[in-house]
1. Between residue 18 and residue 263, with labels modelled 7 Å along Cα→Cβ, what's the label distance in nm to one decimal, could you check?
2. Testing the spin-label approximation: label points 7 Å from Cα along Cα→Cβ at residue 245 and residue 60. State their distance in nm.
3. Would you look at the GNM of the chain, springs on alpha carbons closer than 10 Å, and say which of 251, 108, 203 moves the most?
4. What length, rounded to one decimal in nm, is gained on full extension from residue 273 through to residue 135, with 0.36 nm per residue of separation minus their alpha-carbon distance?
5. Let's test this: bin the Cα-Cα distances of the stretch 14-163 at 10 Å from zero up to the farthest pair and state each bin's percent.
6. Over every pair of different alpha-carbon atoms in the chain, take the mean of 1/r and invert it; report that Kirkwood radius in Å.
7. So for the pair residue 219, residue 96, with labels modelled 7 Å out along Cα→Cβ, what separation do we get in nm?
8. Obtain the radius of gyration and the Kirkwood radius of the stretch 68-146 from its C-alpha atoms and give Rg over Rh.
């Protein structure tokens, strides 16, 4: 049993150097911690599940933005690699960074891959960072379509992630990540104005000569975000644009564990827009 308030205060203090105010939260980070402690996060668990969230996308009438699903397994031993295409993405349905991009199946070390994924599906991801909704996701391994975009090869070794933070069902800003695995990042408001002056960490770096172009389907992305984020005080909707088509990535309820990459002043501005008054409260004061 874990009483969440005390641990949330520890995580927040460690991440920001400031004392967490759960009685009257003000900025974005404080309010995310409040949501983790006091709100019913059961739906977070369902929708942070990279496999189960597909049901939600379909119920929202957005089946066309889902990437192709090749298979789902509980154990790495059950994966039949012969049935997978030459290129695919293998990942767990929980957590961050638990994925493998396979561009040539013939070069894949299958034995090492099985070992790696069996370790990942057993871990208690989110325990240290206090992301309780991730603890209860039934662990699975999924194989999905490998997305490629040759039009951005000059600026990025990977497709571009458009991570759109939504507040009360309305897109607020876009964090863009590209050129993985090293990862370059930048941020814009919804009118495509740079937020570099409000950024911290990796977001504050100057990539002015490498910045990805404004997505051609930004208006569609905004519509998708409004539909998917409508039930929540806040959620980040991760999307891709490949060959003029929008694809769904994932829903993230605690970006950076609930901390992040902007200045305290900007987080306060975003937090002021978050309405917690209608949030469904947690019945059980303990998190197991």
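What follows draws every value from the coordinates through simple rules; no lab data is involved. Note that this is a predicted model, so its numbers are computed, not measured. Ideal geometry is used to build each Cβ from the backbone, glycine not excepted, and the neighbour counts take in all protein chains shown.
1. 1.3 nm
2. If labels sit at residue 245 and residue 60, their model points lie 1.9 nm apart.
3. Of 251, 108, 203, the Gaussian network model singles out 108 as fluctuating most.
4. So the extension gain works out to 46.8 nm.
5. Bins of 10 Å from zero give 10, 31, 32, 20, 7, 1 percent of pairs.
6. Numbers: mean 1/r = 0.0502 Å⁻¹.
This gives a value of 19.9 Å.
7. About 3.3 nm, to one decimal.
8. 0.98
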